[in-house]
Every structure is written in structure tokens, then in C-alpha cells.
Amino acid sequence: MKWLFLILFIVSGFEFSLTVRAQVNPGNLGFEQKNIFPWLKSYYSKRKYLITLDSNTKHVGQYSLRFCFDTLSKNISDGYVTNNLGLDVIGKKLKFSAWVLQSNPDDSAGFISCVVSQDIGERKTAARGRSIINAKEWTRLEWEMNLDTFSVPVHHLRLNIGAKGKNIFWVDDITIYVDGEDLYSQPSFASAKNENITPLSIQQKKNLLHLCYIWGFLKYFHPQVAAGKYNWDMELFKMIPLVKKVSSDKMLSEALVTWIDSLGEVPVCKNNDTEIADSVFMENLDLTWMKSSLLSGDLKNKLNYILANRHRGNSYYLSYRPVQNLDFLNENNYGKWREIDYPNELFRLQFLFRYWNTIQYFYPYKYTIEKGWNHVLVKFIPLFAEASNPVTYHLNMSELVNSVNDSHSGFYDAIVMPMKTTMVENKLVVSSIKNDSLANLYGLQIGDIIEKINGEGVKQIIKKKIHFVNGSNYPVKLAYMNAYDYITGGKDTIVNLSIKRGEKRFSLRAKRYNQFQIQSKKDTVRWKILPDNIGFVNMGILEKKDIDSMFNQLANTRAIIFDVRNYPKSVIFTICKYLYAKPTAFAKILVPNLDFPGTFLWKGNIVYGPAAADTGLLHYKGKVVILVNENTQSHAEWTAMALQAI
């Protein structure tokens, strides 16, 4: 049972064919889309402005953005829109240009501004803007900002347009210049165009391996780095080409020592130590790479000194949430950058290195990973470095993410058929129909066994795709393959199925859909009494408000079957008050140790059961039976654990 979760979702394409989005002007700065997205309206204060696209009054193109004082129309806002943009080029000076027009040029109608932020939380920012005034004709507003005080690339630009008063105004054709050139006329720093991909040499593989180790170690252990004094991704981007050029182990150590020295002083810590208390969970700690014979004595000494005098507690990148779950902070998000669907080697390796080190230091079940987490890194370095197209890159990401064998990792996208399938005795069986009218179009029935899809056997499809599926074990992976249509879903709209129905075998042509209305019947019976006076509870639909009535009706049954082959609501805490004779511990709490990343701390027990105020509560004395299967995941596992402790 995995009761402390590190949730890792990667949104991207899965199938063996992939459409990469064209992002010529991803910020919609000319308002030429049929909606204003990704501009977002604000609704925080008094709503009195109507903000719409205007096709009649515009500077260029088809539309401008119109702001009008209006307290009666639908969808009115507080007159403020914002747009977070990725600044995906490197430069020293920003220039902003926008065309504005107002109905009454004598009064200030509003403003346009930009905030440049070094980090996602806008702890280090600079802002500038212009008022909208004296614009009786289309007027160009311009302003500049220096990036000298920022470590580039910065995290984002936030464009703001705000209204004030009752003056109608229009904004159009916003342009951002970096060092005198239009931002979107320049190639993205992440661009893989004209990249010359060649196989890594043995030395390059070793160099990148140790760069990953040390980059992640310094991020969490070096006091200056952990304090956020460096753009740590940018440091990696500088080091990748440098270590790839290094031709010997000695030169690698020299380059890494020079890099570490450039990061500033590491003060002697009062609690200088490398010892770990016996109460600390150490199964995941793995710093054996620091003893590698490939590293020089000088480099090893520096690493061990940093370890002994490491950063402790919350950092620029990490802090505790309530109940001491981890909050990962200030990680650069490149989702709004152009060409990030298939970026260059720097960003491909950055994805690998960031994910690998997150698991290395903060995933509580790392020690259960088959073949070991170091083996995963060795395997994927050449795969990411040499990924020559979007399909290969995305499949590598999917396989990497799911290498942790955890049901909370995920990576998926496909069009699907209106049915649900289940593996029964190693056969793919149609177990329910999601949309009767669509399924009837091509004659699928519940109980049909699908043997082939487009001529390919189901076993072959599973073998080919199982590596890209999340799940803690093989049955769970199969369950996810069915639940999320990895087997029957795909890129083609029309699909040929080989079906076995009873003793008959035949073929039929079916259709996949991007979306459809799910019409499958839902079970509404939350509990009932079976023959022989056995209670049955459907934990997937049981509500907290039902629990008292349920136990009153089932109080005299011989046993209660709790069906947890679903995803229960938050009812188990209350249920245990009726089932436990006294407060009972059923789980131990393990939290990441921010004083020594890679280790974990035991923080006591989880206790359920009747409280002192529950003295008059019914105590059920019959037997308890728990139904679980491969679909019992996450909170369902937690529920089953609590029921097992009775």
C-alpha cells in the first residue's frame, strides 16, 4: 500500500503518431483568435466592464480587444485581463509596443503594463507600463525594460491591461521585442531545428551521468544553490555542452571542480555531520556515486564537504505543506515556450535530470524500483540525448515517467471506442458499453472477446505498450491499459476488430472518437442485504451522510462485505468508528527529511476509531469481508488498509 504519494503527471502525446502544435504567436498578442485565450479576465472586484473582441474597430487584422463600462451585460468582469508568456529567447533588453484607441481622449481610460519575473512565484520582478490617454486615433504606446538584473531566461512575462472610468478603449497589435527583434521572429532557445544529433560516445555517457548526479546533489545540498541564487536550469544548459566536449575523466573532474568553486562559499555548519540517526528511514539514500573511481580526490573532497555542511530545512525549491507533504517550488515551467513539444538536447536532458533527481531524493518507494534507479538513468541518457523526433522523445518521456512503477504517474492521449474492456483469463473482453447508440452502429456486445485490432494480436499490443503504462505491478498496468484505452485506443478513426462471440469468430469495422456522451448505467444501490443475512456495501458511491443509516440497517447481519473495487469517497474515517472497538493505529507516517534529502522521517501513526465523544455509537460485531482487485488504487488502498486493521 502506497500511502504517501508523489504525484507526477506529464501532459503530452502518447501514440506512435504525434501532432506538434505550431506556436507562431502563442500569446495571441494580436487578438486574432476567435476568443481571447490565453488572456484571462479578472473577476475579483466589482464587476462593471464588458471585455470583448471587436471586428469593426481594429488597427490591423480581424479583431481588437474592446473594454467598455457596462454593469448590465452578461459575463462582465472587473476590467482587467492578464496573459502569462514564456520568454523563450535570450536577450538583454525588452521593448513593448501596443496600439490603443479611446472614445474620449481627454481622460485616462486605463493602462497596459508588463511584469518580468525571474521565478514562478514572482519573488523577483520588474514592472513597467503606460497609461492609455490622448489616443483619439490609433496611437502606439512603447516602453522598454532591461534584463541586466535577471538571470536569463526568466520564468515569465505577465502582460496586464486594465480599465478605469467609463471611457471605452481598444487595444490591438501588441508586439514584444528582444534586443530590437520581434520575439516571435526569433528562434526559441528550446528549438531543435538544425540540431545535429550523433550517438554519444562512452566518455560522453559517463560525463552526462555524473553531471546529472552532481547537478541534482548541488540543487538540494549546496547552501547557495538551495537558496535560489542561481538559475539552476541555466547552469545545466551551460554545463551540458561543456562536459560533452571533455575527453577524459580527469578533465571532467577539473571542469566540475571549477563549476562548484564558482557557486560561492559553503560556510561551516554548526551541526557539521554526515551521520544519520537510527530513527531515520534510509532505504532510499544512495550517494554511492560520490565514491566513483572516475572522480578525482579533489572533487570527492568538495562533495563530501558540501554534504557535511549542507543546506537544511525548507529551500528555494522545497517546503513542507500541511501534514508535511512536499511542495516543489520555483521549478521553471517551459510549457508556454515554442517548440517545447520537441525541444533541443539541452531541454530533453533537463527533463530527464529534473525528473530523475526528484525521484532520487523524494520518492519514498524508490528502493522498490526494479533494477534500481541508477540503472534507469544510465539507460535513458542516450535515449533522451539522441531522440531525433517528437514521437521518440514523447515515448521516452512516457517510459521514464512510468519506470517508477507507481499508479500515480501518468502519460496518455488517444481517441477511443465507446466501450470498456477488461482482461478476463488473459482475454480482452468487452465488459460494458459507454454509449449504446454508437456501439450499436457496428454491433459490439458485452461479452465479446477482442482477439485482434487492425490485424495485431492483443498480446502483442500489450507487450508493445506495457512499458508506457503506469502501475505498481503487472495486473494494475493491465487495468490501466483497459481503463484508459491503451489497448483499443489509437490514432486511427476507423479500426478493424477480430471478435469471438461464443463459438463464432468474425470481423467488424468499428470507430474511435475524440469524445462522446457516456451513457453507461450507474449503480445507485449503496448497500443491501444479501441472502444468508450478509450485508453488502458499495464503497464507490457510499456517502458520509449514509453511514449511520447503513449501520442501523446492517447491525444484525452475520457479516458485511465492503466492495472496494472502485474509488471510495472520504468515508472510511467515520466507518471505522463503528467497526473498531477502540482507537487503533493502522498506518505509519513517513515524511521527506529536508535536513538530509534522500532520507525520510518516521512521524508517528495514523489512528482511526471511536473517540471519547462516540461512547453511545453502535459497535458492529459481525465479520468484515473486503473485496479488492487491481482497480483498488490510491484512496481505495488506504480504505482497504483501514478495514484490514479491524
ask   = Size of the dipole of the stretch 141-261 about the Cα centre, Lys and Arg at +1 and Asp and Glu at -1 on the beta carbon, nothing else charged, in debye to 20?
value = 640
message = Once R0 is set to 25 Å, what does the formula 1/(1 + (r/R0)^6) return for the Cβ-Cβ distance between Leu53 and Asn134, expressed as a FRET efficiency to the nearest 0.05?
response = 0.55
task = Would you check the accessible area of Lys58, probe 1.4 Å, heavy atoms only, in square angstrom rounded to 10?
result = 70
ask   = Just how large is the dipole of the stretch 67-165 about the Cα centre, in debye to the nearest 20, putting +1 at every Lys and Arg Cβ and -1 at every Asp and Glu Cβ?
value = 180
note = With only helices counted (DSSP H, runs n ≥ 4, each -39500 (n - 2.57)), the per-residue ellipticity at 222 nm for the chain, to the nearest 500, works out to -7500 deg cm²/dmol
inquiry  = Restricted to Cα positions, what overall size does the stretch 27-75 have along the principal axes? Three whole-Å values, descending.
reply    = 32, 22, 14
inquiry  = How would the stretch 23-118 be classified by its alpha-carbon gyration tensor: rounded, prolate or oblate, with rounded meaning a/c under 1.5 and the a/b versus b/c comparison settling the rest?
reply    = prolate
key: Sequence-separation-based contact order of the stretch 528-643, relative, with Cα cut under 8 Å and 6+ spacing, percent   = 31
Size of charge dipole - the chain - debye, nearest 20, with Cβ of Lys, Arg +1 and Asp, Glu -1, no other charges = 1400
remark   = So for the stretch 513-646, using the alpha carbon gyration tensor with a ≥ b ≥ c as root eigenvalues (a/c under 1.5 gives rounded; past that, a/b versus b/c decides prolate or oblate), I'd call it oblate
message = Over the chain, what is the relative contact order in percent, taking alpha-carbon pairs closer than 8 angstrom and at least six residues apart?
response = 13
note = The ³J(HN,Hα) series, computed from each phi in the stretch 552-566 with the Karplus coefficients 6.51, -1.76 and 1.60 at θ = phi - 60°, rounded to the nearest Hz and given as x for glycine or proline, is 5, 7, 9, 4, 9, 6, 5, 7, 10, 9, 9, 8, 10, 8, 6
request  = On the full set of protein chains, 1.4 Å probe, figure out the accessible area of Lys464 and give it in Å² to the nearest 10.
outcome  = 90
request  = Using a 1.4 Å probe and counting only protein heavy atoms, arrange His311, His210 so the residue with the most accessible area comes first.
outcome  = His311, His210
remark   = Cross-link reach from Lys46 to lysines, straight Cα distance under 22 Å and at least 8 residues apart if same chain, gives Lys74, Lys164, Lys166
remark   = For His222, His59, the accessible-area ranking with a 1.4 Å probe, largest leading, is His59, His222
message = From zero outward in steps of 20 Å, how is the percent of C-alpha pairs of the chain spread across the bins?
response = 15, 38, 38, 10, 0
query = Where only protein heavy atoms count, and the probe is 1.4 Å, what is the accessible area per residue for the chain in Å²?
reply = 48
ask   = So for Lys371, Lys434, what's the accessible-area order with a 1.4 Å probe, most first?
value = Lys371, Lys434
message = List the pairs from Lys93/Lys300; Lys522/Lys545; Lys206/Lys588; Lys58/Lys95; Lys420/Lys464 whose alpha-carbon separation is above 30 Å, in the order I gave them.
response = Lys93/Lys300; Lys206/Lys588
Charge context of Asn482, other residues only, Cβ under 11 angstrom, K/R +1, D/E -1 = 0
task = Express in Å², to the nearest 10, the accessible area of Cys576 obtained by rolling a 1.4 Å probe over the protein heavy atoms while all chains stay in place.
result = 0
inquiry  = Cut-off under 16 Å on the C-alpha distance; same-chain residues fewer than 8 positions from Lys544 excluded. Which lysines are left, in chain and number order?
reply    = Lys569, Lys577
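The values are calculated or read from the model by the stated rules, or taken from the named source; none is laboratory data. The model shown is predicted, which means the values in this text are computed figures rather than measured ones. Here the Cβ is made from the backbone with ideal geometry for all residues, glycine too, and neighbour counts use every protein chain on show. Protein only, heavy atoms only, side chains kept; ligands, DNA and RNA dropped before computing areas. Shrake-Rupley method; radii C 1.70, N 1.55, O 1.52, S 1.80 Å.
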